[in-house]
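Following: one structure in structure tokens, then a few remarks.
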Amino acid sequence: MTRHSLHQIVKNSTGQDVYRCRQCQLCDLEPQEDMDIPLTTVIQMIMFDDEEVLTTRTVWSERVLGESTYACRRGLNLQTILLALRSEAKQRGIEST
């Protein structure tokens, strides 16, 4: 069975195309203990199909999830993207860290 790229998984699940991101870094929230990488890096990891993103504390942070809805100036709904990553991680047997 062929596994889709993280970009395709996110796009199919949410309708959000992470390639709309221009890496402006305006979405990056104030770093906290529950974050190990900024949201900009999460998007980059999706673009590069880096599956390690599924294990990051940032993806599993409830605070980040709550604050990410309107963080993108380009209109990406980062909250739905994070939820899609969590769902994919669970399908692969990866639980929150």
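Since every read-out is calculated from the coordinates, none of them should be taken as a lab result. Just so it is clear, the structure is predicted and the values come from calculations on it, not from any experiment. All Cβ positions, glycine included, derive from the backbone under ideal geometry; neighbour counts span all protein chains shown.
Give, as ranges by residue number, the residues of the range 53-92 whose backbone N falls under 16 Å from the point 7 Å along Cα→Cβ of residue 30.
63-68
Which loop-located GluC sites (Glu not before Pro) does the range 11-84 contain, where loop means any DSSP state but H, G, I, E or B and the Cβ has at most 14 other Cβ atoms within 10 Å?
Sparse-neighbourhood loop GluC sites (Glu not before Pro): 33.
At 7 Å along Cα-to-Cβ for each site, give me the label-to-label distance between residue 74 and residue 22 in nm.
Reported label-point gap for residue 74 and residue 22 is 0.8 nm.
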